[in-house]
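S.K.: My questions all concern the structure below.
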Amino acid sequence: MAASVRELRAKIRSTQATKKITRAMELIAASRIIKAQQHAAAAAPYARELTRAVSAVATFSNVDHPLTTEKENPTRAAVLVITSDRGLAGSYSSSVLKETERLAEKLRSEGKEIDFYLAGRKSVAYFKFRDLDHVTSWTGFSDKPQYEDARTIGEVLVEAFAEGEDVESGASTDVEVRPVDELHIVFTRFKSMLTQEPDVIRLLPLEVVEGTEAPEDHELLPLYEFEPSASEVLDALLPKYVNSRIYYCLLQAAASELAARQKAMKSATDNAQDLIEKYTRTANQARQAGITQEISEIVGGANALADATAGQE
Amino acid sequence: MAPSGSGQALQVELVAADRVVWSGEAARVLARTASGDLGVLANHAPLLSLLVPGVVEIETAGGERVRAAVGDGFLSVSDNRVSILSEDTFLAEEIVESDARAELERAAADGDDLAALRAEAKLRVLQRS
């Protein structure tokens, strides 16, 4: 009996330690979300101005740019999957991967082959475990993406796309890419602290008006003069626009990851608290049972002794 | 202090990919574009121009000068609003000379011309201020 009380006490102690850890992780995630949201807010002016400029060029010139032209028979699509580097975030990464599977099936049914580009260790592990191929991967920044990360990814993807269109992208990267005709991104949209939804956007060929930072409808774009020329301006702007969109996705994914982690860690902490209470009750019961037994043993012993002495007299 | 010649000031925004580096009223903006150095005063015609890595100089409405190093990007002018966008934008006071030199050497070693230009721009900003 005493042994089981000791076991329960040990369980309580270890659960308490776990609870402390999950509680700390919850608080860390909570404070990082605020930072992630600040980053997203700080990136907004650039994205807004860039979108304005791209729409201006696209509206006022009849330039056909490879990055905006739809191919007639797309045969190969690139899919960028954005997951987290670490787990302990509930179903965050797995719902992105599920969405990826769905997209992959849809693209395959349209007769396209798929090249996967992965961001985040979780997606790399998933692909490795299932022996699936991917072109390249980027890891180590999922909860605090820098613009530099988006640029690295953007350069590779634009290069892959540009090769599909047989044009020089200007960017040369070390990654061996196969030419693709479209580019999709699977990431998690941060709707609120409570809901984050996996989402797919088609980034290339570009649909410029898409996106949350699109200029208001009533806003009239001025008649710009383009220097050196509209097509050159567009050439320079579009890859930057792609980078900026990727950055936007990374920031959304980061905020979602942290929110998912906070939620998962909160329920882990609550769970630990419940366990501690349950164990404490069982331990108290066991302790009480031990005491009761001890008392009845003493009483029983005393009675037996009393009976024995009574018989002698 | 209103700039001479015009009664209006320019609203200038100097924006990097992940933050607004500087914003405020200015009398004049000087920048290096793909087709040469460009000066923008109030009431400039709408313009969208490509920037090459270099120095941007903003003369504020108060007569101060703000200098910044920019990478490649673009400048848009419309309705007395000037937006200067570049993925890499740094104000003069944010640049550490030794870091910029190290960056230049690294870029030269890698043969990365664009990075070298960016680092040179940073150094030029320091020399002028």
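S.K.: Examine segment A:244-260 for a residue that is surrounded by 20 or more Cβ atoms within 10 Å (Cβ to Cβ), closer than 30 Å to A:Thr15 by Cβ, touching a Ser or Thr at 6+ places or on another chain (Cβ under 8 Å) and not hydrophobic (A, V, I, L, M, F, W, C), and state whether such a residue exists.
M.R.: Yes, there is a match, as at least one residue in segment A:244-260 is surrounded by 20 or more Cβ atoms within 10 Å (Cβ to Cβ), closer than 30 Å to A:Thr15 by Cβ, touching a Ser or Thr at 6+ places or on another chain (Cβ under 8 Å) and not hydrophobic (A, V, I, L, M, F, W, C).
S.K.: Take A:Ala260 and decide whether it is in contact (Cβ under 8 Å) with a residue 40 or more places away in the chain, more than 14 Å from every other protein chain (Cβ to nearest Cβ), farther than 30 Å from A:Ala53 by Cβ and not β-branched (Val, Ile, Thr).
M.R.: Numbers: in contact (Cβ under 8 Å) with a residue 40 or more places away in the chain: yes; more than 14 Å from every other protein chain (Cβ to nearest Cβ): yes; farther than 30 Å from A:Ala53 by Cβ: yes; not β-branched (Val, Ile, Thr): yes.
Considered against the rule, which asks whether it is in contact (Cβ under 8 Å) with a residue 40 or more places away in the chain, more than 14 Å from every other protein chain (Cβ to nearest Cβ), farther than 30 Å from A:Ala53 by Cβ and not β-branched (Val, Ile, Thr), A:Ala260 comes out as yes.
S.K.: Do we have B:Val52 as within 12 Å of another protein chain (Cβ to nearest Cβ), more than 30 Å from A:Lys144 (Cβ to Cβ) and of a type in the set (A, V, I, L, M, F, W, C) here? So that I can check it myself, show each step before the final result.
M.R.: Details: within 12 Å of another protein chain (Cβ to nearest Cβ): yes; more than 30 Å from A:Lys144 (Cβ to Cβ): yes; of a type in the set (A, V, I, L, M, F, W, C): yes.
Considered against the rule, which asks whether it is within 12 Å of another protein chain (Cβ to nearest Cβ), more than 30 Å from A:Lys144 (Cβ to Cβ) and of a type in the set (A, V, I, L, M, F, W, C), B:Val52 comes out as yes.
S.K.: Regarding A:Glu219, is this residue within 13 Å of chain B (Cβ to nearest Cβ), modelled with pLDDT under 95 and surrounded by fewer than 14 Cβ atoms within 10 Å (Cβ to Cβ)? Show your work before the answer.
M.R.: On the way: within 13 Å of chain B (Cβ to nearest Cβ): yes; modelled with pLDDT under 95: yes; surrounded by fewer than 14 Cβ atoms within 10 Å (Cβ to Cβ): yes.
When the stated conditions are applied, A:Glu219 passes them.
S.K.: Does A:Thr75 satisfy the condition of being under 28 Å from A:Lys112 (Cβ atoms), surrounded by fewer than 20 Cβ atoms within 10 Å (Cβ to Cβ) and touching a helix residue (DSSP H, G or I) at 6+ places or on another chain (Cβ under 8 Å)? Steps first, answer last, please.
M.R.: Working: under 28 Å from A:Lys112 (Cβ atoms): yes; surrounded by fewer than 20 Cβ atoms within 10 Å (Cβ to Cβ): yes; touching a helix residue (DSSP H, G or I) at 6+ places or on another chain (Cβ under 8 Å): no.
In short, no.
S.K.: Checking the condition within 12 Å of chain B (Cβ to nearest Cβ) and over 13 Å from the mean Cα position of the chain (by Cα), which residue from A:Asp235, A:Asp270 passes? Full working, then the answer.
M.R.: Values: A:Asp270 fails: within 12 Å of chain B (Cβ to nearest Cβ).
Answer to the selection: A:Asp235.
S.K.: Have a look at B:Val29, B:Val82 and point out the one that is out of contact with any helix residue (DSSP H, G or I) (no Cβ under 8 Å at 6 or more places or on another chain), assigned to a strand (DSSP E or B) and within 14 Å of another protein chain (Cβ to nearest Cβ). Even if it seems obvious, please write down each step before you answer.
M.R.: Working: B:Val29 fails: within 14 Å of another protein chain (Cβ to nearest Cβ).
After applying the criteria, what remains is B:Val82.
S.K.: Could you identify the single residue in A:Glu225, A:Glu197, A:Glu176 that is at pLDDT 80 or above and over 30 Å from A:Ile33 (Cα atoms)?
M.R.: A:Glu225
S.K.: Further question on the same structure: Where residues in segment B:1-24 are buried (at least 17 other Cβ atoms within 10 Å of the Cβ) and over 20 Å from A:Arg48 (Cα atoms), which of them is modelled with the highest pLDDT?
M.R.: Only one residue fits best here, namely B:Ala9.
S.K.: Out of the residues in segment A:273-300 meeting the condition of being buried (at least 17 other Cβ atoms within 10 Å of the Cβ) and small (Gly, Ala, Ser), tell me which one is nearest to the chain's Cα centre (by Cα).
M.R.: In this case the residue turns out to be A:Ala283.
S.K.: Name the residues in segment A:107-127 that are of a type in the set (Lys, Arg), assigned to a helix (DSSP H, G or I) and surrounded by 13 or more Cβ atoms within 10 Å (Cβ to Cβ), would you?
M.R.: Step one: filter segment A:107-127 for residues of a type in the set (Lys, Arg), giving A:108, A:112, A:121-122.
Retained after the next criterion (residues that are assigned to a helix (DSSP H, G or I)): A:108, A:121-122.
A:Arg121, A:Lys122 - these are the residues of segment A:107-127 that are of a type in the set (Lys, Arg), assigned to a helix (DSSP H, G or I) and surrounded by 13 or more Cβ atoms within 10 Å (Cβ to Cβ).
S.K.: If we keep just the residues of segment B:65-79 that are under 15 Å from the mean Cα position of the chain (by Cα) and assigned to a loop (DSSP other than H, G, I, E, B), which is nearest to the other protein chains (Cβ to nearest Cβ)?
M.R.: Quick first cut of segment B:65-79, residues under 15 Å from the mean Cα position of the chain (by Cα) only: B:65-77.
After this cut, where a residue has to be assigned to a loop (DSSP other than H, G, I, E, B) as well, the list is B:71-72.
Values: B:Gly71: 10, B:Asp72: 7 Å.
This residue is B:Asp72.
S.K.: Only one of these is within 14 Å of chain B (Cβ to nearest Cβ), acidic (Asp, Glu) and part of a helix (DSSP H, G or I): A:Glu49, A:Glu26, A:Glu7. Name it.
M.R.: A:Glu49
The values are calculated or read from the model by the stated rules, or taken from the named source; none is laboratory data. Quick caveat, the model's predicted, so the values are computed rather than measured. Every residue, glycine among them, receives a Cβ derived from its backbone with ideal geometry; neighbour counts consider all protein chains shown.
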